[in-house]
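Encoded as structure tokens, the structure appears first; notes follow it.
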Amino acid sequence: MIDCDVHNQWPSAEALLPYLEPPFRDYLVRGEIPGPPGSFPHGHRPWLHPEGFKRSDVPAPEDGTTEDHYDALRAQLLDRYQVDYAILTGEEAIEVSTLANARYASALARAYNDWMIDEWLPRDGRLRGSLVVAPQDPRGAAKEIRRVGDHPGVVQVLMSTGSERPYGDPFYDPLWEAAAELELPVAAHLGGQGGINANPTGCGPPTFFWEAHALFSETGMGHVASVIAHGIFERFPNVRFVLIECGVAWLPALLWRLDADYKALRKETPWLTRLPSEYAREHIRLTTQPLEQPQNKRHLWAVLEAMSGGEVLLFASDYPHWDFDDPTTIQLPETWEGDVFDGNARDLYRLPAAAGTASAGEG
Amino acid sequence: MSGGRFRVCEANELAPGQRLVVDLGGRSVGVFNVEGSFYALHNRCPHRGGALCLGPVTGVTRSTDDFEYVYADEGRILRCAWHGWEFEIETGRSLADPKLKAKTFPVTVEDGEVIVHI
């Protein structure tokens, strides 16, 4: 089994200090931060989770060392569910996308990447890393992808779904070019809903956390339409786009609408050669968590079939967050389990057939 | 797993507001002292199997007709460690879904000892 959204905690953002270049180390030591010492510099979202966003049976960041957090992750996730590979997605690192100072944002991303490569990947052969970049600095992001994108433990480029503009925009071309050159998938994880980034809902900000959380998937929809319409997959046919934690059941409805509108107005995007749904099926992958939970699972399965779920879905638990999906209780059609829990991610991230001490189970 | 009578602790070892999570015959059980009364719940959430009894003990915003916040039942609500679903410690009743109930076990205090009956 491969878990495609696993958050590796730090004890405090000060873990990055040894990895920051001097001017930005000074900025983090002496500069303003949004919280007590150890807080990570970012523009916070306007919705405050009423309970904190971690499972309460997981040590809080400040209550453990990086090793303690790894030990918890190993016991509560890797060993408990016999995970072959866990794709690390950082904790707050993707929030660099919210900072107006794009150079500081890129410096923090570089420091996170070096910390992750030094302090996480060597701990366990089952861990793989995501390279965090600051999308508001596309040239800096490209440079970072070329700097460490060929590390054998790095399997994708990662940024938040919160963004200044949707990711197909030519503004981001340097980032896509670099990812294509290194043959790395580009992933967007739910987050970055603050600071310089656009409101996640077009009609204005929601009020409550649970209301907002359910609607953050709207940012995923915007990126799907944008990367298809701008022809990212025509120009970079080897690139895959991965949406993490955005929900999945909305995808077929969006693709039906995109296909219909494209057929009528295709003259706007003459660089496209296929239907939006065809690009999506080949190039876009979505992680399952938090999988929608209708009263009748068959209602969900009908929708998942309409989006070729067996091909495009990647299992994710989101450990250690409050909306964790347990792989033994999420409901997927049995015939898909081998692909969704394992095969699709193994192909996408080009992972070997077996790893470490884990079994090659199918969940 | 086996049932029966399980001595958990001396009653005066578990003060009001405190809890113990113990293995009773192969079953993980949370024992709670709520204002001097003892309750026991299976440490397995009926929602998704999470570690129910490791979550925080809280109060709850009571349902109102007036769009206001009224905080009630402080110390009587258990919030699952995984997804935060709320349960009444005394009854196991789910506040989120009336069809769900956390498994509870009878508790007695005999000769100053807390006994859970499974």
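Checking each residue in the range B:49-94 for being acidic (Asp, Glu), farther than 15 Å from A:Arg55 by Cα and within 12 Å of another protein chain (Cβ to nearest Cβ) picks out no residue at all. Return the residue satisfying two criteria in turn: it lies in the range A:313-333 and is surrounded by 22 or more Cβ atoms within 10 Å (Cβ to Cβ) and charged (D, E, K, R), and of such residues it is farthest from the other protein chains (Cβ to nearest Cβ). Here the answer is A:Asp318.
Somewhere in the range A:285-294, is a residue more than 28 Å from A:Leu127 (Cα to Cα) and at pLDDT below 95? Within the range A:285-294, one or more residues are more than 28 Å from A:Leu127 (Cα to Cα) and at pLDDT below 95. The residues in the range B:14-48 that are surrounded by 13 or more Cβ atoms within 10 Å (Cβ to Cβ) and either within 14 Å of chain A (Cβ to nearest Cβ) or without any contact (Cβ under 8 Å) to a residue 12 or more places away in the chain (or both) can be counted, and the count is 10. Based on what the data block shows, is A:Thr219 of a type in the set (Val, Ile, Thr), surrounded by 20 or more Cβ atoms within 10 Å (Cβ to Cβ) and free of Cβ contacts under 8 Å to residues at least 60 places away in the same chain? Taking the combined requirement at face value, the residue satisfies it.
Residues that are in contact (Cβ under 8 Å) with a residue 40 or more places away in the chain, touching a helix residue (DSSP H, G or I) at 6+ places or on another chain (Cβ under 6 Å) and surrounded by fewer than 21 Cβ atoms within 10 Å (Cβ to Cβ) within the range A:241-279 comprise A:Ala249, A:Pro252, A:Thr269, A:Trp271, listed in sequence order.
Would you confirm, using the coordinates I've provided, whether A:Asp342 is assigned to a loop (DSSP other than H, G, I, E, B) and closer than 30 Å to B:Gly49 by Cβ?
Working: assigned to a loop (DSSP other than H, G, I, E, B): no; closer than 30 Å to B:Gly49 by Cβ: yes.
Judged against the criteria, A:Asp342 is not a match.
Among what's in the range A:102-120 and is more than 18 Å from the chain's Cα centre (by Cα) and over 15 Å from A:Leu17 (Cα atoms), pick the residue that is surrounded by the fewest Cβ atoms within 10 Å (Cβ to Cβ). Checking each candidate, the answer is A:Arg103. Only one of the numbered conditions (1) within 27 Å of A:Asp342 (Cα to Cα); (2) assigned to a loop (DSSP other than H, G, I, E, B); (3) within 14 Å of another protein chain (Cβ to nearest Cβ) is violated by A:His49, and that is (1). In the range A:207-216, the residue that is surrounded by the most Cβ atoms within 10 Å (Cβ to Cβ) out of those that are at pLDDT 95 or above and assigned to a loop (DSSP other than H, G, I, E, B) is A:Phe208.
So in the range A:144-175, with the set limited to residues that are among the aliphatic types (A, V, I, L, M) and in contact (Cβ under 8 Å) with a residue 60 or more places away in the chain, which one is surrounded by the fewest Cβ atoms within 10 Å (Cβ to Cβ)?
Step one: filter the range A:144-175 for residues among the aliphatic types (A, V, I, L, M), giving A:145, A:148, A:154-155, A:157-159, A:175.
Retained after the next criterion (residues that are in contact (Cβ under 8 Å) with a residue 60 or more places away in the chain): A:155, A:158-159.
Numbers: A:Val155: 24, A:Leu158: 27, A:Met159: 28.
Checking each candidate, the answer is A:Val155.
Conditions (1) closer than 24 Å to A:Pro185 by Cα; (2) under 25 Å from the mean Cα position of the chain (by Cα), marked per residue:
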{"site": "A:Pro252", "(1), (2)": "yes, yes"}
{"site": "A:Lys263", "(1), (2)": "no, no"}
{"site": "A:Leu272", "(1), (2)": "yes, no"}
{"site": "A:Arg298", "(1), (2)": "no, no"}
{"site": "A:Ala306", "(1), (2)": "yes, yes"}
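When A:Glu67, A:Glu62, A:Glu95 are checked against the criterion of being surrounded by fewer than 24 Cβ atoms within 10 Å (Cβ to Cβ) and either at pLDDT below 95 or touching a Ser or Thr at 6+ places or on another chain (Cβ under 8 Å) (or both), a single residue qualifies: A:Glu62. Can you find even one residue in the range A:5-25 that is closer than 16 Å to A:Arg126 by Cβ, outside any helix (DSSP H, G or I) and of a type in the set (Asp, Glu)? Within the range A:5-25 (the criterion being closer than 16 Å to A:Arg126 by Cβ, outside any helix (DSSP H, G or I) and of a type in the set (Asp, Glu)), the answer is yes, since at least one residue qualifies.
How about the range A:112-128: which of its residues are aliphatic (A, V, I, L, M) and in a helix (DSSP H, G or I)?
A:Met116, A:Ile117, A:Leu121
Can we say A:Val83 is modelled with pLDDT of 95 or more and not in a helix (DSSP H, G or I)? So A:Val83 passes the test.
The values are calculated or read from the model by the stated rules, or taken from the named source; none is laboratory data. Computed from a prediction, not measured in an experiment: that's the story for all the values here. So basically every Cβ, Gly included, is an ideal-geometry build from the backbone, and we count neighbours across all protein chains shown.
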